[in-house]
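Report on the structure given below.
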Amino acid sequence: RTVCLPNSGFHHDMAKQRLSARLMDSKLRFWSSGAKMDRVQRTLFHELRDPHPVALTINQRADWPLTDLKQVPIVHSVVAMNSLELTQHAERLCARPSVARGQPSGDWDAILARFALLASDMDADLSIRLLRCLGRAQFDDAALPQLVRDLPIEGKPPSNLTCWSSALLELHDRLGDEELQKVFQRIEHAALQFSEETWGLSAPMMLVSLVRASSTSSKLLWGPSCNLFVGAIARHAARMGPMHLEISAFSCSRVFRFSAKNPQASEKIAEAAKVLLEHGTRRVSRFVPRGMLNFYVALERILGPLQVAGLALQVARRLQQCVPGDLEGCSAGDRYRATLCLLRACEIDVAETRQHVPEALKLLLDGDGRRKFSPHGRDAIRRRLKACFGELKHLQDLLDQTEEMECAVSTKKK
């Protein structure tokens with residue numbers, strides 16, 4: 001017997017709806033569990049946003065309003081640019097091949113004029129970047145001296161003063177000796193407002209800039225600024241790496257050369273050199289070969305062969321481990337000075353040093369740099385070789401081959 005229930009179609013549809021609701025509820029519970037729901041939300045969020053959102057730490061900063069770069073008008077006129085736009089525009093121009101080849105560009109005169117208007121209130125880092133760009137460009141430099149006078153140097157920290165000094169040295173030919181000395185006097189005066197502790201590792205770079213600026217007038221007078229920088233070098237030598245040690249030794253040797261007759265200056269520089277010698281000898285293995293030779297030669301000039309005898313032994317041993325390609329960047333002057341210093345070290349009659357030096361000299365004298373030795377330089381090396389080692393056949397042969405090569409080249413040119 002078949003029983004027909006009323007409204008059976010209605011009940012069937014209701015059952016299907018309840019089953020569908022249960023399945024949907026189970027799917028939602030599955031996706032809402034753990035990181036899967038978060039992953040879905042993030043994926044959808046990134047897909048729907050254009051452009052992609054920045055980090056939440058920036059998005060949530062009320063004082064950092066986000067800017068839609070697509071809506072910001074591009075400034076094409078240099079006259080309307082602010083300091084940041086002007087700096088970025090100059091750096092884009094410097095990246096062009098025409099500027100790299102030294103070819104002039106019409107935009108630089110407008111950049112210089114706009115820079116001159118903004119210089120007094122410009123951020124120090126931006127003005128340094130612009131000065132470096134100007135050092136690579138061609139422009140009418142009539143307005144450059146006034147621009148440099150308007151730079152807000154006073155009250156700026158050592159890092160800014162150091163960067164300004166190196167950037168201004170690149171403009172030396174445009175500024176002239178007189179204007180360069182004036183701006184460096186301002187930098188020195190601003191530098192004295194800070195202590196040796198504050199100058200830290202900026203002191204070597206500042207002192208070498210001061211040396212380079214003073215070399216234009218062929219003299220460097222010992223004064224409060226030199227005293228400050230040399231003292232800061234001695235104070236922070238323990239923190240220095242090979243590059244800072246090399247720069248410190250070089251700059252101290254140049255100051256020592258101009259101030260040798262000043263007892264106070266000589267004593268101060270010698271104290272700094274002893275500290276540099278102590279820390280540099282421990283780190284000989286970390287120097288690049290050329291930097292090691294420059295460091296050794298500079299300290300030998302200040303302290304003499306006897307006090308740097310230990311460093312000479314370390315240098316000779318290190319050179320024995322080098323191959324000719326390691327000295328590729330060394331000029332003839334670098335090789336010549338290092339050779340004479342090592343020969344002077346052998347005159348002290350330290351047996352271990354005399355044992356290692358001949359092989360080191362073979363590397364220094366065997367290369368393209370030796371071909372540029374002057375006749376006077378070759379004679380000086382030959383005399384010292386004979387005094388220290390007698391007749392070392394292989395070293396004498398290297399010098400003779402050099403002389404023969406130069407004679408052949410000069411004959412061929414004629």
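The values are calculated or read from the model by the stated rules, or taken from the named source; none is laboratory data. These numbers come from a predicted model, not from an experiment. Glycine gets a Cβ as well: all are built from the backbone with ideal geometry, and neighbour counts include every protein chain shown. What goes into the accessible areas is simple: the full protein's heavy atoms, side chains included, and nothing from ligands, DNA or RNA. Shrake-Rupley method; radii C 1.70, N 1.55, O 1.52, S 1.80 Å.
List of remarks:
- Among the residues making up region 237-282, those that are among the aliphatic types (A, V, I, L, M) and more than 11 Å from I302 (Cβ to Cβ) are A237, A238, M240, M243, L245, I247, A265, V275.
- Helices (runs of 4 or more DSSP H) within region 333-414 that include 2 or more residues at pLDDT 75 or above, open to solvent by less than 70 Å² (accessible area, probe 1.4 Å) and not acidic (D, E): 351-365, 375-389
- Boolean, R317 is at pLDDT 80 or above and open to solvent by 10 Å² or more (accessible area, probe 1.4 Å): yes
- Extreme residue, modelled with the highest pLDDT, among residues of region 124-155 that are assigned to a loop (DSSP other than H, G, I, E, B) and under 18 Å from the mean Cα position of the chain (by Cα): G135
- Scanning region 290-314 for residues that are open to solvent by 20 Å² or more (accessible area, probe 1.4 Å) and not aliphatic (A, V, I, L, M) yields R290, N294, R301, P305, Q307, G310, Q314.
- Residue count for region 111-122 under the criterion of being buried (at least 17 other Cβ atoms within 10 Å of the Cβ) and either part of a helix (DSSP H, G or I) or modelled with pLDDT under 90 (or both): the result is 6.
- If you go through region 257-296 and keep only what is assigned to a helix (DSSP H, G or I), of a type in the set (S, T, N, Q) and in contact (Cβ under 8 Å) with a residue 40 or more places away in the chain, you end up with Q264, N294.
- Once region 156-199 is narrowed to residues that are part of a loop (DSSP other than H, G, I, E, B) and modelled with pLDDT of 90 or more, the residue that is surrounded by the most Cβ atoms within 10 Å (Cβ to Cβ) is L171.
- Residue within region 209-216 that is open to solvent by less than 10 Å² (accessible area, probe 1.4 Å), over 22 Å from the mean Cα position of the chain (by Cα) and over 30 Å from L342 (Cβ atoms) present: no
- Of all residues in region 76-97, those satisfying the criterion of being more than 24 Å from the chain's Cα centre (by Cα) and without any contact (Cβ under 8 Å) to a residue 12 or more places away in the chain are H76, S77, A80, E85.
- Across region 123-141, the qualifying residues are those that are within 16 Å of D109 (Cβ to Cβ), free of Cβ contacts under 8 Å to residues at least 40 places away in the same chain and not acidic (D, E), and the one among them that is most open to solvent (accessible area, probe 1.4 Å) is Q138.
- Checked against (1) closer than 26 Å to A203 by Cβ; (2) touching a helix residue (DSSP H, G or I) at 6+ places or on another chain (Cβ under 6 Å), R257 passes all but condition (2).
- Within region 74-92, considering residues that are in a helix (DSSP H, G or I) and of a type outside the set (A, V, I, L, M), the one modelled with the lowest pLDDT: R92
- In region 283-330, the residues that are more than 26 Å from the chain's Cα centre (by Cα) and among the charged types (D, E, K, R): R317
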